[in-house]
Amino acid sequence: MTNRLELNWKLDGFVDEQRYYCSETPIDLENLPVPKAIIAGDARTYTDTAIEVGKTYYVAVGSVNGGIEKVSQELEIYAGGDPHWDKVVALLHFNGNLTDATGRVWSANQSLQFAPGVFGEALLRSNTSLIITTPASSDFLFDGDFTIEAFLKNTGGTNPLFVYGNNQNEFIPLYLDSATSGRVFVKGNNLIVGISLPSGFFHYALTRKDGVVRAFVDGVMQGTANYGDTLGITAGDIYLCSGNGYYHLWTGQIDELRITKGVARYTADFTPPDAPFPSL
């Protein structure tokens, strides 16, 4: 995917020309690469339209006067996308389907409904008999750092929400007690942390960094707990917004579900994303 990089700089005095350097590897100032562009001496901006999303670039600008070139400080720039994309094990936008940007296949036992969400559409779960699953995978066993996040809206009911195992003895990243409260469970009703929930859509994130589990609502930390054991699914299908047997009473909406294994994206209060999660 092509993007653009816009540069602005200051320069004292006049020069004959300027040279724009852009490389995917660090620039050796003692052995400069061929300039990507030659820029007029009076220019103070440049737009590079041949930038690929998801790549890291090293850029610098050289000024030439009387055959002598001085080169600016080198900048390392990540061109959009997700710097942890290689660690994303599930990403669903819910724009009218269950397409997972990672290629994972999810299936539903009946027709799906969608309604306006935070970004485009969101999955609407108004029928408590709806069950959405994907086969168990080691991708959902978290033996280290992780991040599970989505935009959620609770419209009724209680019981488990989000991705969890085929019975209550597995990992439950969010269990709804009511419209305003929830809990995080692992391994047979062991409580990790309690959570206060707002009305309407909210961003929910559960992370673990170096054995410390943190729960966030709209970017505000709700609580922490020390839990370094392996979390996740050990057997059976993985259930999304529903569960096996009678553990599927929650109704509401879910938008932008992303699961990242190996990275705790949030360890302190943060501003929730204001755009769909990048699929690259």
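The values are calculated or read from the model by the stated rules, or taken from the named source; none is laboratory data. Remember, it's a predicted structure, so these values are computed and weren't measured experimentally. Neighbour counts run over all protein chains shown; Cβ positions are idealised from the backbone, glycine included. Quick note on the areas: whole protein, heavy atoms, side chains included, nothing else; ligands and nucleic acids left out. Shrake-Rupley method; radii C 1.70, N 1.55, O 1.52, S 1.80 Å.
Considering only segment 71-96, state which residues are surrounded by 14 or more Cβ atoms within 10 Å (Cβ to Cβ) and over 30 Å from residue 8 (Cα atoms). 87, 88, 89, 90, 91, 92, 93, 94, 95, listed by residue number. Scanning segment 195-212 for residues that are touching a Ser or Thr at 6+ places or on another chain (Cβ under 9 Å), at pLDDT below 90 and open to solvent by less than 40 Å² (accessible area, probe 1.4 Å) returns 195, 197. Among residues of segment 268-280 that are within 18 Å of residue 102 (Cβ to Cβ) and among the aromatic types (Phe, Trp, Tyr), those with a beta-carbon under 8 Å from a residue that is open to solvent by less than 50 Å² (accessible area, probe 1.4 Å) and assigned to a loop (DSSP other than H, G, I, E, B) at least six positions away or on a different chain give the pairs 277/82; 277/93. For segment 43-70, the set of residues classified as open to solvent by 50 Å² or more (accessible area, probe 1.4 Å), in contact with a strand residue (DSSP E or B) (Cβ under 9 Å, 6 or more places away or on another chain) and in contact (Cβ under 8 Å) with a residue 12 or more places away in the chain consists of 44, 45, 46, 47, 49, 50, 52, 55, 65, 69, listed by residue number. Residues considered: 122, 115, 108. Of these, the only one that is surrounded by 17 or more Cβ atoms within 10 Å (Cβ to Cβ) and modelled with pLDDT of 85 or more is 122.
Taken over segment 1-42, the residue count meeting the criterion of being surrounded by 13 or more Cβ atoms within 10 Å (Cβ to Cβ), without any contact (Cβ under 8 Å) to a residue 40 or more places away in the chain and not in a loop (DSSP other than H, G, I, E, B) is 4. So, residue 236, is that one surrounded by fewer than 17 Cβ atoms within 10 Å (Cβ to Cβ), in contact (Cβ under 8 Å) with a residue 12 or more places away in the chain and over 20 Å from residue 269 (Cβ atoms) or not? Spelling it out, residue 236 is indeed surrounded by fewer than 17 Cβ atoms within 10 Å (Cβ to Cβ), in contact (Cβ under 8 Å) with a residue 12 or more places away in the chain and over 20 Å from residue 269 (Cβ atoms).
Within segment 255-280, restricting attention to residues that are of a type in the set (Val, Ile, Thr) and open to solvent by 50 Å² or more (accessible area, probe 1.4 Å), the residue that is farthest from residue 231 (Cα to Cα) is 271. Within segment 213-222, being touching a Ser or Thr at 6+ places or on another chain (Cβ under 9 Å) and surrounded by fewer than 17 Cβ atoms within 10 Å (Cβ to Cβ) holds for one residue alone: 219.
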